[in-house]
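The next block holds one structure in the form of structure tokens; read it before the comments.
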Amino acid sequence: MKAAAIFSDNMVLQRNKPVRIFGTGNENEKITADILGNTAFAFVENGKWEIVLPPMKENKSCTITVKSNNDTVVFKNVAVGEVWLAGGQSNMEFELQNDKNGFNALKTCADENVRFYYTGKCSMLDENLYENEKNSCWKISSPENSKNWSAVGYYFARELSRKLNVTVGIIGCNWGGTSASAWISRDYLQRDERLLPYIRDYETAIKGKSTEQMIKEYDEYVIHQEQWDRKKDLCYMENPRIKWSKVIKICGENLYPGPMGCKNPMRPCGLYETMISRVKPYTLRGFLYYQGESDDHRPESYYALLSALIECWRKEWKDNLSFLNVQLPMFKYADDPDYKNWAEIRQAQMNVYKTVKNTGLAITLDCGEFNNIHPVDKEPVAHRLYLQALSEVYGIAEISETMPPVFREFYREGDDIILMFDNPSDFDLKGDLKDFEISYGEEYFPAKARIDGKCIILSAEHDREVKSVRYLWTNYTNITLYAENGLPVPPFNTESDSCF
């Protein structure tokens, strides 16, 4: 009898919800779990077992005993509190030790009631994965333990723990550079024809290749990429402001993410198989998600992709869990034109927030950095996720405190275009009122704007019909328009607002 790797000493169980304990064993074997006087059992079916324990109140330290006829496992120093899974790509993976304020956070983290489980990063279901899981465990905050934790996850948990006065556990389940398509089951990915290109591209790339060939090609790529990355890092050490085009000229072509195949972690559904499936359905309060950068080549289908991922995860966890998403911040490489594809991703994220129940959206437009896809200050991002949790999940804050005004509709009044907002509030302008545009046909033109109470008014040409209006439709600019609660007003595009 074995419990899944995510069950270990120091783990955090979700309070006030039925708790699932699961693992593997011999067929028809009876497995019993006991915690705080609560006992439940299940029988092994098809090699797996799952026990559901009754809801429990918060507890700082207790013991779970799991046993069969032949085996007994005792998990010690188990806390009952709040549990969140932190998913996504590199900005969720970004380590606390590399954060702008990480040094100071690590000095005092031992005093915080926060724990962390890092889901093993393996690209295949092989011996490396199983060996990795043997060495995985929940860890308590300390300067040594916490340095490679998700900075966003840690700061979120720290603030939430202080507010609720309970232990908060974070399950880190993320991998840099990944498309959302890597984190979803094939069943869900192929349900929507808009998402089929992800599967078709992969099948085209591996056509005619054996498993052995795909593994060999990827292993050779990894060796090459490690050498290339060392050269790239030297370039940035010598000149932190060097342009990407100059890096390519010095180092040669960047082959990332390598040849597609059964060992490439970027493949569709790959990390769903090797990471998500290894920790589900561990009982959670909800998901934190920071991703979208690696799907900017297909922004038109991101609404469908993110919606499918949410539905897939909720099914796998057997629970309509809260899903708190990070809207992408401002970003552009110095060498790149403004493709406006990140604007489309942000719109898709907003549309998910508006249409998918039990979701939240952290508005982080002003948390980006020019020419740096990995902003080093993650505390504001975590704080805005925390605000979403307070209002959308725990019900202990008003939405007026945790969300800026969100565009609802516009109407024309003479030569004025009146913009109306949900969650209206007074505005706080930190510079010029800018980045509004009007379209009378195919082309957009900058629009003069003024604030009128809780509305914004644009000036239109009196003899032309307005087709659409948009705001902040760009990959990168400085943010000037805020709500009185300190949060930036999110972008919108009336032309694409309903295209989902």
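The values are calculated or read from the model by the stated rules, or taken from the named source; none is laboratory data. Not measured: the values here are computed from a predicted model. Cβ: placed from backbone, ideal geometry, glycine included. Neighbour counts: every protein chain shown.
Can you find a residue in region 206-218 that is without any contact (Cβ under 8 Å) to a residue 60 or more places away in the chain, closer than 26 Å to Glu369 by Cβ and assigned to a helix (DSSP H, G or I)? Checking region 206-218: not a single residue is without any contact (Cβ under 8 Å) to a residue 60 or more places away in the chain, closer than 26 Å to Glu369 by Cβ and assigned to a helix (DSSP H, G or I).
Scanning region 120-142 for residues that are of a type outside the set (Gly, Ala, Ser) and surrounded by fewer than 15 Cβ atoms within 10 Å (Cβ to Cβ), which turns out nearest to Ala110 (Cα to Cα)? Step through it out loud before you land on a result.
Step one: filter region 120-142 for residues of a type outside the set (Gly, Ala, Ser), giving 121-122, 124-135, 137-140.
Keeping just the survivors that are surrounded by fewer than 15 Cβ atoms within 10 Å (Cβ to Cβ) gives 125-128, 130-131, 134-135.
Values: Leu125: 35, Asp126: 35, Glu127: 34, Asn128: 31, Tyr130: 30, Glu131: 29, Lys134: 25, Asn135: 22 Å.
Result: Asn135.
Restricting attention to region 428-442, which residues are within 23 Å of Asn478 (Cα to Cα) and either out of contact with any Pro (no Cβ under 7 Å at 6 or more places or on another chain) or not acidic (Asp, Glu) (or both)? Outline the logic, then answer.
Pass one, region 428-442, residues within 23 Å of Asn478 (Cα to Cα): 428-439.
Once the filter is applied, which keeps residues that are within 23 Å of Asn478 (Cα to Cα) and either out of contact with any Pro (no Cβ under 7 Å at 6 or more places or on another chain) or not acidic (Asp, Glu) (or both), region 428-442 yields Asp428, Leu429, Lys430, Gly431, Asp432, Leu433, Lys434, Asp435, Phe436, Ile438, Ser439.
Looking across region 245-267, just one residue is over 30 Å from Ile184 (Cβ atoms) and touching a residue at least 60 places away in the same chain (Cβ under 8 Å), and that is Ser245. Could you go through region 298-307 and let me know if any residue there is under 16 Å from the mean Cα position of the chain (by Cα) and on the phi > 0 side of the Ramachandran plot. Checked region 298-307: no residue is under 16 Å from the mean Cα position of the chain (by Cα) and on the phi > 0 side of the Ramachandran plot. Among the residues making up region 18-31, a single one is surrounded by fewer than 18 Cβ atoms within 10 Å (Cβ to Cβ) and closer than 27 Å to Glu82 by Cβ: Pro18. The residue of region 1-51 that is farthest from Ser277 (Cα to Cα), among those that are in contact with an Asp or Glu (Cβ under 9 Å, 6 or more places away or on another chain) and aromatic (Phe, Trp, Tyr), is Phe43.
Only one residue in Trp183, Trp228 is in contact with a strand residue (DSSP E or B) (Cβ under 7 Å, 6 or more places away or on another chain), surrounded by 13 or more Cβ atoms within 10 Å (Cβ to Cβ) and not β-branched (Val, Ile, Thr), so which one is that? Can you show your working first?
Values: Trp228 fails: in contact with a strand residue (DSSP E or B) (Cβ under 7 Å, 6 or more places away or on another chain).
Every option except Trp183 fails the conditions.
Scanning region 120-164 for residues that are within 30 Å of Ile215 (Cβ to Cβ) and in a helix (DSSP H, G or I) gives Glu127, Asn128, Leu129, Tyr130, Glu131, Asn132, Glu133, Lys134. Based on what the data block shows, is Asn26 modelled with pLDDT under 95 and more than 32 Å from the chain's Cα centre (by Cα)? Judged against the criteria, Asn26 is not a match. Among the residues that make up region 177-187, is at least one of them within 20 Å of Val279 (Cβ to Cβ) and β-branched (Val, Ile, Thr)? Checked region 177-187: at least one residue is within 20 Å of Val279 (Cβ to Cβ) and β-branched (Val, Ile, Thr). Looking only at residues of region 320-331 that are touching a Gly at 6+ places or on another chain (Cβ under 9 Å), assigned to a loop (DSSP other than H, G, I, E, B) and not aliphatic (A, V, I, L, M), we find that the one that is farthest from Gly292 (Cα to Cα) is Phe331. If the condition is being among the β-branched types (Val, Ile, Thr), more than 15 Å from Met260 (Cβ to Cβ) and at pLDDT 95 or above, then region 201-242 contributes only Ile223. Would you mind stating whether Val80 is surrounded by fewer than 21 Cβ atoms within 10 Å (Cβ to Cβ), assigned to a strand (DSSP E or B), of a type in the set (A, V, I, L, M, F, W, C) and touching a residue at least 12 places away in the same chain (Cβ under 8 Å)? In short, no. For Tyr386, indicate whether it is within 28 Å of Thr359 (Cβ to Cβ) and buried (at least 19 other Cβ atoms within 10 Å of the Cβ). Considered against the rule, which asks whether it is within 28 Å of Thr359 (Cβ to Cβ) and buried (at least 19 other Cβ atoms within 10 Å of the Cβ), Tyr386 comes out as yes. Do we have Lys100 as in contact with an Asp or Glu (Cβ under 9 Å, 6 or more places away or on another chain), in a loop (DSSP other than H, G, I, E, B) and surrounded by fewer than 17 Cβ atoms within 10 Å (Cβ to Cβ) here? So Lys100 fits the description; yes.
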